[in-house]
Number of protein chains: 2
Amino acid sequence: MKKATIYDVAREAGVSLATVSRVINGSSVVREKTKEKVMKVIDELNFKPNQIARGLATNKTTTIAVIFPQSLFAHVKDMIGGIGDAGRTLDYNITIYTTDDIGNGPMDDVMEKVIRTRADGVILFNNDKITQQIELVKKHSIPAVVIGMQVSDDSLGSVYVDAQKITYDIVNNYLEKGKNDIIFVSPQQNLIRTVDLIEGMKKAYQDHQLPFDEATQVIDTSTHYEESYTQFVEHFRNHKHDLVFASYDKEGVAVVNAAIDNNISVPDDMEVMAMMDTSYSLICRPSLSTIHLPIYDMGALAVRLLTKILNQEELETKEVCVGYTNIYRKSTIQ
Amino acid sequence: MKKATIYDVAREAGVSLATVSRVINGSSVVREKTKEKVMKVIDELNFKPNQIARGLATNKTTTIAVIFPQSLFAHVKDMIGGIGDAGRTLDYNITIYTTDDIGNGPMDDVMEKVIRTRADGVILFNNDKITQQIELVKKHSIPAVVIGMQVSDDSLGSVYVDAQKITYDIVNNYLEKGKNDIIFVSPQQNLIRTVDLIEGMKKAYQDHQLPFDEATQVIDTSTHYEESYTQFVEHFRNHKHDLVFASYDKEGVAVVNAAIDNNISVPDDMEVMAMMDTSYSLICRPSLSTIHLPIYDMGALAVRLLTKILNQEELETKEVCVGYTNIYRKSTIQ
DNA sequence: TTGAAAGCGCTAACAA
DNA sequence: TTGTTAGCGCTTTCAA
């Protein structure tokens, strides 16, 4: 049995196409009596408007494309809940596109697909290729919002956190206590811009007239627990710091475990602080002090912001900065 | 500047619509010379075929809807990588829909959206409402594959793991060693059917002519670490078992940590085994023995299977059973 | 308040 | 090998 179309409804209800269209789009001009009649037929025929046809007619798809590299997956997946829920509430379809790790001209290919599908807008995430991605959406003038970094551009929105402030405050706090052996560990790919995080540290050192040596105080690591753990076991064989700040809980746990295995007591001999407040930080023993970011909300906010841009709604700002909370648990002395 | 349409290309290239259409769809009948000419214009005008228009004409959207309850998010998110990558390789769009936790008539609403968007097919996950969901897709005759449970139905595909065998083998092994105080812990919502997991245990007990008491040997828990941890700290105050089998690593870690806090040594006093082989099992101390399931692959396989069904390709079976590996680490005596 | 009709951008017979 | 033409199912003027 074929799906009922608007024609079928019109015929059965004895009205024109236009009237049915008005009814399903909630136009106010249609008489109550007619409306009821049409609704009844819609129900009887189990008619569901074809969004594809509508899309063709209106040149809108009510679809938002979410683009992210697989390597950022750990961060993105936690946001998908918020993105999905907001999409549902606001009646937008969310379609996801992964880049890299597979295929060849990754970003171009993906953008090509997004353009073909005529998504109304896209959501991007801070990553090492973000500049190139932003170029692309601008070139094709696709409305977009990027999560994880502030971007000041008329055509783009952004949802971000004040990364510099996060590290500045923490580092400043330790320096004030005379604890100035602080290192920063992070994988290359990160939702929160590592340059900003590092910048915040630098500033704090500067304000205390202390030297900050990026070569030794910033350590790159892997996103795979086993690799980072192994790396840190080695590192802590002959290093010990006042504070290790990790940009993601998982790496924070690797630090803690590696330290413990080198008989460095956390937090007594060395303090550890991480970011994101995921389950990892709870599971860790001692439990990890961490920065809580409103991950779910950031996803939902990005969708909300994007739809506002799409609907040309008034908005005070296209750059929305979200708050965060320092959560002190057992890996720091508080 | 408006986007170029197939008309623009036809006009510029001095050919008809049909020819352009043939070129972009890779039809073999078009002369090489003409093809080149058309391609050139396509490039110049930066023409991107409108998939919406194509969808209307062909009655196909090349999109797959992935539907899952938020409560199953922890499992699903790990699969999204595989689903996304497979979608990209096979040139299908993946759109995600979350159910429950928000809104009212959850599943009906979602299905309504899926129908409106005319997704070619859907991917479902085992969860406590799966029967109802299967009913719905069948009622609307939407091609579907479900992940996490075997379903024998002509119109549906499934990608699953032999859950009964997993628990049977493990439990059987312990019973043979005379260790028969075994409990099973799991949250309500699970990707792998808990009834099957429990059934496997029962069978093993049966084969050993030993009683299995579901009331005491099966423990429900929360998906939130803090809650399950608290619950287990209480439980282990006056319980100790030969083996605790948890259906997900996170709950396994909660068991381990709660046991340790009650001075129960793992694995000497009590062994713990979990499922999924996520980072949690690595982070746990002692590291968790766990069942490795090919999560990424299951996602990719589901997409592959669904597209085969959509394209009416020949397939030996619609019920694909994937393998698994027992990974023994430090939470069990091996 | 309703209807007629054109058009959205493409595909797919069918004819040439 | 190419072109003509009729849809696909909806929205949206414009007129009534």
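Kindly indicate whether residue A:18 is open to solvent by 30 Å² or more (accessible area, probe 1.4 Å), within 12 Å of DNA strand C (Cβ to nearest atom) and either closer than 21 Å to residue B:141 by Cβ or of a type in the set (Phe, Trp, Tyr) (or both). Write out each step before concluding.
Details: open to solvent by 30 Å² or more (accessible area, probe 1.4 Å): yes; within 12 Å of DNA strand C (Cβ to nearest atom): yes; either closer than 21 Å to residue B:141 by Cβ or of a type in the set (Phe, Trp, Tyr) (or both): no.
Here the answer is no, as residue A:18 does not meet what is asked.
Scan B:92, B:97 and give me the residue that is out of contact with any Asp or Glu (no Cβ under 9 Å at 6 or more places or on another chain), of a type in the set (Ser, Thr, Tyr) and more than 12 Å from DNA strand D (Cβ to nearest atom).
Details: B:92 fails: out of contact with any Asp or Glu (no Cβ under 9 Å at 6 or more places or on another chain).
Of B:92, B:97, the one residue that is out of contact with any Asp or Glu (no Cβ under 9 Å at 6 or more places or on another chain), of a type in the set (Ser, Thr, Tyr) and more than 12 Å from DNA strand D (Cβ to nearest atom) is B:97.
Considering only residues that are in contact (Cβ under 8 Å) with a residue 12 or more places away in the chain and more than 13 Å from residue B:273 (Cβ to Cβ), which ones fall in region B:177-198? Write out each step before concluding.
First pass over region B:177-198, keeping only residues in contact (Cβ under 8 Å) with a residue 12 or more places away in the chain: B:179-194, B:196-198.
The answer is B:180, B:181, B:187, B:188, B:189, B:190, B:191, B:192, B:193, B:194, B:196, B:198.
Does residue B:22 satisfy the condition of being more than 8 Å from DNA strand D (Cβ to nearest atom), under 28 Å from residue B:92 (Cβ atoms), charged (D, E, K, R) and free of Cβ contacts under 8 Å to residues at least 12 places away in the same chain?
Numbers: more than 8 Å from DNA strand D (Cβ to nearest atom): no; under 28 Å from residue B:92 (Cβ atoms): yes; charged (D, E, K, R): yes; free of Cβ contacts under 8 Å to residues at least 12 places away in the same chain: yes.
No; evaluated as a whole, the condition is false for this residue.
Just the residues that are within 8 Å of DNA strand D (Cβ to nearest atom), open to solvent by 80 Å² or more (accessible area, probe 1.4 Å) and in contact (Cβ under 8 Å) with a residue 24 or more places away in the chain, please, taken from region A:1-15. Give the steps one after another, and end with the answer.
First, the residues of region A:1-15 that are within 8 Å of DNA strand D (Cβ to nearest atom): A:2-9.
Right, trim to open to solvent by 80 Å² or more (accessible area, probe 1.4 Å) and you get A:2-3, A:7.
A:3 - this is the single residue of region A:1-15 that is within 8 Å of DNA strand D (Cβ to nearest atom), open to solvent by 80 Å² or more (accessible area, probe 1.4 Å) and in contact (Cβ under 8 Å) with a residue 24 or more places away in the chain.
Considering only region B:65-76, I want to know if a residue exists there that is touching a residue at least 12 places away in the same chain (Cβ under 8 Å) and either within 16 Å of DNA strand D (Cβ to nearest atom) or basic (Lys, Arg) (or both).
no
Look at region A:55-72 and say how many of its residues are facing chain B (nearest Cβ under 7 Å) and over 14 Å from residue B:94 (Cβ atoms).
The total comes to 3.
Each row is one residue, and each column tells you yes or no for (1) surrounded by 21 or more Cβ atoms within 10 Å (Cβ to Cβ); (2) in contact with a strand residue (DSSP E or B) (Cβ under 9 Å, 6 or more places away or on another chain); (3) touching a residue at least 40 places away in the same chain (Cβ under 8 Å).
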position	(1), (2), (3)
B:227	no, yes, no
B:233	no, no, no
B:237	no, no, no
B:255	yes, yes, yes
B:268	no, no, yes
B:272	yes, yes, yes
B:284	yes, yes, yes
B:293	yes, yes, yes
B:303	yes, yes, yes
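Scan A:162, A:181, A:213, A:207 and give me the residue that is open to solvent by 30 Å² or more (accessible area, probe 1.4 Å) and either under 24 Å from residue A:130 (Cα atoms) or modelled with pLDDT under 95 (or both). Before the answer, list the steps.
On the way: A:181 fails: either under 24 Å from residue A:130 (Cα atoms) or modelled with pLDDT under 95 (or both); A:213 fails: either under 24 Å from residue A:130 (Cα atoms) or modelled with pLDDT under 95 (or both); A:207 fails: either under 24 Å from residue A:130 (Cα atoms) or modelled with pLDDT under 95 (or both).
After ruling out the rest, the residue left standing is A:162.
Would you confirm whether any residue within region A:241-248 is out of contact with any helix residue (DSSP H, G or I) (no Cβ under 8 Å at 6 or more places or on another chain), of a type outside the set (Ser, Thr, Tyr) and either outside any loop (DSSP other than H, G, I, E, B) or surrounded by fewer than 20 Cβ atoms within 10 Å (Cβ to Cβ) (or both)?
Let us first name the residues in region A:241-248 that are out of contact with any helix residue (DSSP H, G or I) (no Cβ under 8 Å at 6 or more places or on another chain), namely A:241.
Now narrow it down to the ones that are of a type outside the set (Ser, Thr, Tyr): A:241.
Cutting the leftovers down to either outside any loop (DSSP other than H, G, I, E, B) or surrounded by fewer than 20 Cβ atoms within 10 Å (Cβ to Cβ) (or both) gives us none.
No, because not a single residue in region A:241-248 is out of contact with any helix residue (DSSP H, G or I) (no Cβ under 8 Å at 6 or more places or on another chain), of a type outside the set (Ser, Thr, Tyr) and either outside any loop (DSSP other than H, G, I, E, B) or surrounded by fewer than 20 Cβ atoms within 10 Å (Cβ to Cβ) (or both).
For residue A:54, are the conditions met, namely being within 22 Å of residue B:111 (Cβ to Cβ) and within 16 Å of DNA strand D (Cβ to nearest atom)?
Values: within 22 Å of residue B:111 (Cβ to Cβ): yes; within 16 Å of DNA strand D (Cβ to nearest atom): yes.
Judged against the criteria, residue A:54 is a match.
Is there any pair with a first residue in region A:32-59 that is polar (S, T, N, Q) and a second that is part of a helix (DSSP H, G or I) and more than 8 Å from DNA strand D (Cβ to nearest atom) whose Cβ atoms are under 7 Å apart and which are 6 or more apart or on different chains, and what are they?
A:34/A:19; A:51/B:116; A:51/B:117
Got a sec? Which of B:86, B:119 is in contact with a strand residue (DSSP E or B) (Cβ under 6 Å, 6 or more places away or on another chain), closer than 22 Å to residue B:312 by Cβ, within 13 Å of chain A (Cβ to nearest Cβ) and in contact (Cβ under 8 Å) with a residue 40 or more places away in the chain?
Details: B:86 fails: in contact with a strand residue (DSSP E or B) (Cβ under 6 Å, 6 or more places away or on another chain).
Among B:86, B:119, only B:119 is in contact with a strand residue (DSSP E or B) (Cβ under 6 Å, 6 or more places away or on another chain), closer than 22 Å to residue B:312 by Cβ, within 13 Å of chain A (Cβ to nearest Cβ) and in contact (Cβ under 8 Å) with a residue 40 or more places away in the chain.
Evaluate region B:27-50: report whether one residue or more is within 12 Å of DNA strand D (Cβ to nearest atom), within 14 Å of chain A (Cβ to nearest Cβ) and of a type outside the set (Ser, Thr, Tyr).
yes
The values are calculated or read from the model by the stated rules, or taken from the named source; none is laboratory data. The model shown is predicted, which means the values in this text are computed figures rather than measured ones. Counting neighbours? That spans all protein chains shown, and the Cβs are built from the backbone with ideal geometry, glycine included. For the accessible areas, the whole protein counts, side chains as well, though only heavy atoms, and no ligand, DNA or RNA atoms are used. Shrake-Rupley method; radii C 1.70, N 1.55, O 1.52, S 1.80 Å.
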